[in-house]
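Accompanying notes for the structure given below.
The values are calculated or read from the model by the stated rules, or taken from the named source; none is laboratory data. These figures come from a predicted structure and were not determined experimentally. Methodologically, a virtual Cβ is constructed for each residue, glycine included, from the backbone with ideal geometry; neighbour enumeration extends over all protein chains shown.
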Amino acid sequence: MSVRRKPVPPPSGLRRLLFRAPIRLYRWHLGWLLGGRCLLLTHTGRTSGLPRQAVLEVTGRDPSTGAYLLASGFGPRSQWYRNIQHTPRVTVPVGRHRTAAIAQPLTPEESGRVMAAYALRHPRLARRLMRVCGLEADGSEQDYDLIGRDHIPFVRVTPAEQP
């Protein structure tokens, strides 16, 4: 296994502006343009107590509970990830409505399994995600499992109401 991490700071400046651009699409009620692969997560700032938003890729879905699986690509130090650990009550869009949900970080073992399954379903996207996150992997299932366990935590967001 050859997982290597190159330090990549969270986006700032122009890069941050580009990463946050999809939030505007949701505010203009055009989030549907991003398809079902993205989700607008509204969470509470752990220091300010104010609503914060992030558009995240949906890496998986549990049809029985309606839960979304999300990855914290910049690791456990991502602001949204730290915020949901402090206040797990979040809001997500379901259809044309927003609904309350609970965000629950997965264990490292669960994160590893989810990352490996995602990489098998979307190999090109997984490689691209690794580059953006400053990670290098050999592309094996074991490598992606290790990345999920050690570098990219996952979160299960379960809507209070079924879609």
Exercise. In this structure, does T99 turn out to be hydroxyl-bearing (S, T, Y), farther than 16 Å from R37 by Cβ and within 15 Å of the chain's Cα centre (by Cα)?
Worked result: no
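Considering only helices (runs of 4 or more DSSP H) fully contained in the stretch 54-163, which possess at least 1 residues that are loosely packed, with under 14 Cβ neighbours inside 10 Å, touching a Ser or Thr at 6+ places or on another chain (Cβ under 8 Å) and at pLDDT 90 or above?
79-86
For the stretch 1-18, how many residues are in contact with a strand residue (DSSP E or B) (Cβ under 8 Å, 6 or more places away or on another chain) and either modelled with pLDDT of 75 or more or surrounded by 13 or more Cβ atoms within 10 Å (Cβ to Cβ) (or both)?
2
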Seminar exercise, completed: Within the stretch 47-103, residues over 19 Å from R149 (Cβ atoms) and aromatic (F, W, Y) come out as Y68, W80
